[in-house]
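Everything below concerns the one structure shown next.
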Amino acid sequence: MIPFDFRLATRFVFGPGRLAELGSLVAELGVRRAMLVSDPGVIAAGHTDRASESLRAANVDVELFGTVQQNPTTRDVAAGVEFARALEPDVIIGLGGGSSLDCAKGTNLIYTNGGEVPDYWGVGKARRPMLPLVAVPTTAGTGSESQSFALISDPDTHVKMACGDPKLACRLALLDPELTLTQPPKVAAATGLDAISHAVESHVTRRRNNVSQVFSREAWRLLEANLPRVLSEPNDIEARGAMQLGACFGGLAIENSMLGAAHSLANPLTARYGIVHGEAVSMMLPHVIRFNAATHRELYEELCRITFRPGESNGNCVDALADRIAALVVEAGLPGRLSSYGLDESALPTLAAEAAAQWTAQFNPRDVDEAGMLELYRAAW
């Protein structure tokens, strides 16, 4: 039996059309001035207008900070902090994908605690209380709404800094699957594959426990079955809802388990070559599964039993699981091989060194060093 310390600090409100309730839910927090953090795509889809209308109808003043870019950097956070200092909000609301939610968290952290993002790289370095934080995800991928971490990149080195603190947990997460209907197909595919990687990796990490694995397994069940439905029937709201819940549950699993080598391998690919994170991590995941199965086969077999009936895996459950994820990547219309992204094979040793230095590598269930990372990159080549 594995000891654990489980916390759930967030109120989760789920259902189609529930964005209309944002104002009344936020008003229950006893606040009157909101900073709404979003990005140009979400603004163009009309979601920020609807959110603002709901807030104003509940007598909550709101101002929009809408310049967040993909993979937010310290510059995005600095701009958000400057905006917050002029506004003096008493609640911060992130509306969008993981980038908007991370920028909202980073803004909250620096606005209330001072300093700069690198000062909080790690866990538990904030000393002052933060403003109430509300998350309204418009994608089904990162699960950021259920995590107390902000992922912010250095714009010069492209290093992604994970700043974690219990005070960064959202007070409220509003999950409305109708908001995900406006995702471009490629975004839905990449974010869905990212969520799948969260479910699989969180299930096997060194920090896994009985509670985290409950969320990991349910996330895998929902995501594996419904991503193909979303790809083939984009307006299937039931499938959209299942994906959004699966991503949220994956985030809860990460919060209590962490991630592993697939994410360590993915980060340098995004930083150096701009490969979308969901594409990078799902491309590497099948190879990491086979690598880890040498010592932790039984953990993957638990996931296999959710997906495959007896006999369907042809006696090799781990290969069946890895093949299933690789098939989902292909079904999503993504290349699935490193060589398809124009990388020079001579770059692999440098990537391996960077992957081995990533924070999540230490949580991988099987020890993996620079040589092991290189082996995994070559397997994906």
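On the basis of being at pLDDT below 95 and either closer than 21 Å to Leu223 by Cβ or not assigned by TED's automatic domain parsing to the domain that holds Arg207 (or both), does Gly342 make the cut?
no
Checking Asp194 against (1) within 25 Å of Ala355 (Cβ to Cβ); (2) without any contact (Cβ under 8 Å) to a residue 60 or more places away in the chain, which single condition isn't satisfied?
Exception for Asp194: condition (2).
For the list (1) of a type outside the set (Val, Ile, Thr); (2) crowded, with 21+ Cβ neighbours inside 10 Å; (3) part of a helix (DSSP H, G or I); (4) under 25 Å from the mean Cα position of the chain (by Cα), I need the number of the one condition that Ala34 fails.
Among (1) of a type outside the set (Val, Ile, Thr); (2) crowded, with 21+ Cβ neighbours inside 10 Å; (3) part of a helix (DSSP H, G or I); (4) under 25 Å from the mean Cα position of the chain (by Cα), Ala34 violates only (3).
If you take the residues in region 1-31 that are loosely packed, with under 14 Cβ neighbours inside 10 Å and closer than 17 Å to Ser146 by Cα, which one is modelled with the highest pLDDT?
For region 1-31, the residue satisfying everything is Gly15.
Against the definition (free of Cβ contacts under 8 Å to residues at least 24 places away in the same chain, assigned by TED's automatic domain parsing to the domain that holds Ser340 and among the basic types (Lys, Arg)), how does Arg272 come out, yes or no?
It is false that Arg272 is free of Cβ contacts under 8 Å to residues at least 24 places away in the same chain, assigned by TED's automatic domain parsing to the domain that holds Ser340 and among the basic types (Lys, Arg).
Could you please find all residues in region 356-381 being closer than 16 Å to Pro286 by Cβ, of a type outside the set (Phe, Trp, Tyr) and either modelled with pLDDT under 95 or not in a loop (DSSP other than H, G, I, E, B) (or both)?
Those that are closer than 16 Å to Pro286 by Cβ, of a type outside the set (Phe, Trp, Tyr) and either modelled with pLDDT under 95 or not in a loop (DSSP other than H, G, I, E, B) (or both): Gly372, Met373, Glu375, Leu376, Arg378, Ala379, Ala380.
Give region 89-124 a look and list any residue that's hydrophobic (A, V, I, L, M, F, W, C), in a helix (DSSP H, G or I) and within 20 Å of Thr142 (Cβ to Cβ), or say none.
Hits for region 89-124 are Leu101, Cys103, Ala104, Leu109, Val117.
If you take the residues in region 125-134 that are out of contact with any Asp or Glu (no Cβ under 6 Å at 6 or more places or on another chain) and part of a loop (DSSP other than H, G, I, E, B), which one is surrounded by the most Cβ atoms within 10 Å (Cβ to Cβ)?
Here the answer is Leu131.
The values are calculated or read from the model by the stated rules, or taken from the named source; none is laboratory data. Everything quoted here is computed from the prediction, not taken from an experiment. We place every Cβ from the backbone using ideal geometry, glycine too, and count neighbours over all the protein chains shown.
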